[in-house]
Amino acid sequence: MKIIRILVSVFSLVFSNDIFSQQATEAKTYQNYPLGMNMLQFSIGQQSTNSTIDGDITLPSKDIDISATIMYLRYATFFKVFNKTAGVQVVLPYVDINADFFGTKANSSGLGDMIFVVGSNIVGGKPLSFGEYLQTPRETVFAWSFATTAPTGRFSSEKLLNPSGNRWQFKPELALTIPVNKFDIEVYAAAKFFTTNKKLPSTVLGQPASSVTQKPFYSLTLHNVYNINDKIWVSFDAAARTGGETSKNSIAQDDAQTVLGLGGSMNYSPTVHHKIGLSYISNAAGDENSPNGSIYALKYSYIFGGGIDKTLKELKNK
């Protein structure tokens with residue numbers, strides 16, 4: 001029975017602090033979902049790295065050590081638009097950052113920048129009730145999403161570490177999902193654009209600065225998902241990213257990055273309403289500007305709405 005398929009994660013694990021915001025979109029994001037379904041998700045994760053991606057410190061260094069605990073609360077819902085399944089989600093992160101900059105320890109914590117995502121299927125994935133969804137085989141889906149990160153989190157120009165990036169971020173993404181027997185082959189292509197942070201901390205490695213701009217990142221993500229049964233799936237994940245050169249006070253920093261991350265993820269769904277997920281990704285290769293580090297996360301999701309309970313009760317009584 002395909003009931004448990006609805007419990008896959010809905011959108012990407014994205015952290016609004018700029019240190020973490022380049023994490024790739026996770027597996028099974030763009031498969032079809034029943035109309036009216038809602039998801040409430042809590043995640044806690046840990047990231048270690050030797051470089052921030054933008055802003056304060058742009059070049060990786062053995063003298064930089066950053067460790068952060070990232071938590072977020074996510075809400076997502078699905079509905080019909082132009083006879084296609086569409087979805088909206090809101091993510092509220094909380095970040096606790098500990099860093100060692102050349103022997104100087106620092107800490108910062110607080111709410112991160114809120115993330116808003118809209119998206120829909122383009123090909124495949126027609127709108128289905130929960131009952132119809134249970135009887136419909138997996139199919140090829142071509143979809144899009146657009147994520148907006150708003151500078152709503154805690155930020156101070158007096159601190160080198162901030163939970164907020166103090167700028168807007170925009171991420172359009174296209175995705176192709178192809179089911180092959182018990183596998184799902186998924187390919188995502190995305191770009192990420194940034195506005196200017198006009199309040200960069202006044203001291204960056206001892207040099208004055210007042211603003212930072214950043215060129216776009218372009219990324220390609222591959223997931224090879226194996227569906228063990230209706231309750232468990234595992235995925236091999238690969239994500240490549242290039243670009244992102246920064247300029248401080250209009251002076252280019254020559255710090256564009258090209259990096260490849262490899263990792264894996266798994267999900268276990270004990271019931272139709274509950275899902276537990278694990279994910280891990282680490283830098284596997286890159287140029288001299290690419291940061292080292294890894295991210296792992298534990299997620300719990302509660303699924304509700306969409307006539308799930310009513311449909312299951314009717315099926316049980318048949």
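Here, each number is a calculation from the coordinates, and none is a lab measurement. Since the model is a prediction, treat every value here as computed from it, not as a measurement. Glycine gets a Cβ as well: all are built from the backbone with ideal geometry, and neighbour counts include every protein chain shown.
Remark: the range 27-171 carries a charge dipole of roughly 540 debye about the Cα centre, counting +1 on each Lys and Arg Cβ and -1 on each Asp and Glu Cβ.
With axes computed from alpha carbons, what is the tilt in degrees of helix 308-317 against the longest principal axis of the chain, rounded to the nearest 10 within 0 to 90? Roughly 30 degrees, rounded to the nearest 10. Please work out the C-alpha center-to-center distance from the range 86-147 to the range 288-302 and express it in whole Å. Each part reduced to its Cα centre gives a spacing of 14 Å.
Quick check for me: using +1 on Lys/Arg Cβ and -1 on Asp/Glu Cβ, what's the dipole size of the chain about its Cα centre, in debye to the nearest 20?
Numbers: 28 positive and 24 negative charges, 262 e Å.
Computed charge dipole of the chain: roughly 1260 debye.
From the residues 168, 104, 79, which one has its Cα farthest along the dipole of the chain in the positive direction, the dipole being from +1 and -1 charges on Cβ of Lys/Arg and Asp/Glu about the Cα centre? Farthest along the dipole direction, towards plus: 79. Select from 142, 303, 190 the residue farthest towards the positive end of the dipole of the chain; place +1 on Cβ of Lys and Arg, -1 on Cβ of Asp and Glu, and compute about the Cα centre. Most positive-ward Cα: 303. For residue 79 and residue 178, a Förster radius of 25 Å and the Cβ-Cβ distance give a FRET efficiency of 0.50, rounded to the nearest 0.05.
In straight-distance terms, cross-link reach from residue 310 covers every one of the lysines whose alpha-carbon lies under 18 Å from its own, apart from those fewer than eight places away in the same chain; here that gives 2, 318. Listed by chain and number, the aspartates and glutamates placed with their C-alpha closer than 17 angstrom to that of residue 275 are 26, 230, 309; residues fewer than eight positions away on the same chain are left out.
Using 0.36 nm per residue of separation minus the Cα-Cα distance, give me the extension gain between residue 148 and residue 262 in nm, one decimal. Intermediate results must be reported in sequence, preceding the final value.
On the way: separation 114, 0.36 × 114 = 41.04 nm, distance 2.54 nm.
Stretched fully, the residue 148-residue 262 segment lengthens by 38.5 nm.
Restricting attention to the range 29-168, the count of lysine pairs at 8 or more positions apart or across chains with alpha carbons under 19 Å apart stands at 4. Cross-link partners of residue 192 among lysines, defined as those whose alpha carbon lies under 21 angstrom from its own and excluding same-chain residues fewer than eight positions apart: 28, 171, 215, 248.
Send over the per residue convex hull volume for the range 3-317, Cα only, as a whole number of Å³. Don't jump to the answer; show the numbers that get you there.
Numbers: hull volume 35.6 nm³, N = 315.
Taking the convex hull of the Cα positions in the range 3-317, it is 113 Å³ per residue.
Measuring max minus min along each principal axis, the C-alpha atoms of the range 85-166 give extents of 59, 21, 21 Å (largest first). Over the C-alpha atoms of the range 145-258, the Rg to Rh ratio, Rh being the Kirkwood estimate, stands at 1.12. Label separation (residue 276 vs residue 193): 4.2 nm, computed from points 7 Å beyond Cα along the C-beta direction.
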